[in-house]
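The values are calculated or read from the model by the stated rules, or taken from the named source; none is laboratory data. What you are looking at is a predicted structure, and each value in this text was computed from that prediction instead of being measured. No Cβ is skipped: glycine too gets one built from the backbone with ideal geometry, and neighbour counts run over all protein chains shown. We work out accessible area using only protein heavy atoms, side chains counted, and drop any ligands, DNA or RNA first. Shrake-Rupley method; radii C 1.70, N 1.55, O 1.52, S 1.80 Å.
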Amino acid sequence: HQHNEAEAAQQVVQRLQQGQRVAYVSDAGTPGVSDPGARLAQAVREAGLRPVPLPGASSITTALSAAGAVAHSAEQGGFVFAGFLPVKQAERAAAVQVLAGEPRCVVLLEAPHRIQELAQALAPLGERPATLARELTKQFEEIATLPAQDLPAWLAAQPNRTRGEFVLVIHAAPPAATADTGTRVLQL
C-alpha cells in the first residue's frame, strides 16, 4: 500500500537481482492505474530489470502497468487517454503541443506505418520519459522507457522496432517548482 510501497519495492528489486522471480498481484486493481504498484514497476525498471505485465482486457492498462508512469499526487493523478493523434503533420504538432502542457500521464496508440512520425512529433518533449510498448502479450513483445527526444533514434536502430501495434505512454510531467517553493528555499 502507499505507506510501505517504497520499502517493499526495494525488497522486490533485491529479490529480482538475486535471480528470483516475483509476481505482484493486487486486490486493489491494475498496478499503476488504480493501485500504488506504479512505484514498484518504476523501481524495477530503474534497476535495469524488466517488469512484465500480464495481459488484461486492454493494451492500455497492460502498458500502463509496466510503465510505472502514473503519478499519485492530487494534481497529477490518473492518466489521459488521447488515442490516435491526427495524421496530418500540422494537426499532429498542435496536438503534441497541447499534450506537452498536460501534467498527467498521457496514453497514445499508433500503427506501425506511422510510429516514426509520432516519435518525431514527440521528440520536442525532450527529457520527459516515454514508454513505448509494442506487440503486447505477443511473442515479440517489447517495452522500452526512454526520453521522448530519443524515440526516433531508438526506433531507427533496429528495423523490427517499427513492426506491430503500439501503445505509447508519456509519463506524468515532473512537478513544476512553484513560487512558494522558491521563496521557501531562499528563506532556508
Out of all the residues in region 5-27, which are open to solvent by 50 Å² or more (accessible area, probe 1.4 Å), without any contact (Cβ under 8 Å) to a residue 12 or more places away in the chain and either of a type outside the set (S, T, N, Q) or assigned to a loop (DSSP other than H, G, I, E, B) (or both)?
Glu7, Arg15, Gln18, Gly19, Gln20, Arg21, Val22, Ala23, Val25, Asp27
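Here is a list: Val98, Val106. Which entry is over 16 Å from Ala67 (Cβ atoms) and β-branched (Val, Ile, Thr)?
Values: Val106 fails: over 16 Å from Ala67 (Cβ atoms).
Just a single option satisfies the conditions, and that option is Val98.
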Consider Phe81 carefully, then state whether it is part of a strand (DSSP E or B) and of a type in the set (Phe, Trp, Tyr).
yes
Does region 140-147 include one or more residues that are in contact with a His (Cβ under 9 Å, 6 or more places away or on another chain), under 25 Å from Gly68 (Cα atoms) and polar (S, T, N, Q)?
yes
Just the residues that are assigned to a helix (DSSP H, G or I) and touching a residue at least 40 places away in the same chain (Cβ under 8 Å), please, taken from region 114-130.
Ile115, Gln116, Leu118, Leu122, Leu125
Restricting to region 39-97, name every residue that is farther than 18 Å from Ile143 by Cβ, out of contact with any strand residue (DSSP E or B) (no Cβ under 9 Å at 6 or more places or on another chain), modelled with pLDDT of 90 or more and open to solvent by 30 Å² or more (accessible area, probe 1.4 Å).
Pro86, Val87, Lys88, Gln89, Ala90, Glu91, Ala93, Ala94, Gln97
Take region 98-109 and flag every residue that is without any contact (Cβ under 8 Å) to a residue 12 or more places away in the chain and open to solvent by less than 60 Å² (accessible area, probe 1.4 Å).
none
So Leu155 ticks every box in (1) in a helix (DSSP H, G or I); (2) hydrophobic (A, V, I, L, M, F, W, C); (3) open to solvent by 20 Å² or more (accessible area, probe 1.4 Å) but one. Which box is left unticked?
(3)
Kindly indicate whether Phe166 is within 23 Å of Thr61 (Cβ to Cβ) and open to solvent by 20 Å² or more (accessible area, probe 1.4 Å).
no
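Hey, could you check region 131-152 for residues that are assigned to a loop (DSSP other than H, G, I, E, B) and open to solvent by 40 Å² or more (accessible area, probe 1.4 Å) and say which is nearest to Val44 (Cα to Cα)?
Of region 131-152, the ones assigned to a loop (DSSP other than H, G, I, E, B) are 135-141.
Now drop any that are not open to solvent by 40 Å² or more (accessible area, probe 1.4 Å), which leaves 137-140.
Numbers: Thr137: 19, Lys138: 22, Gln139: 22, Phe140: 21 Å.
Checking each candidate, the answer is Thr137.
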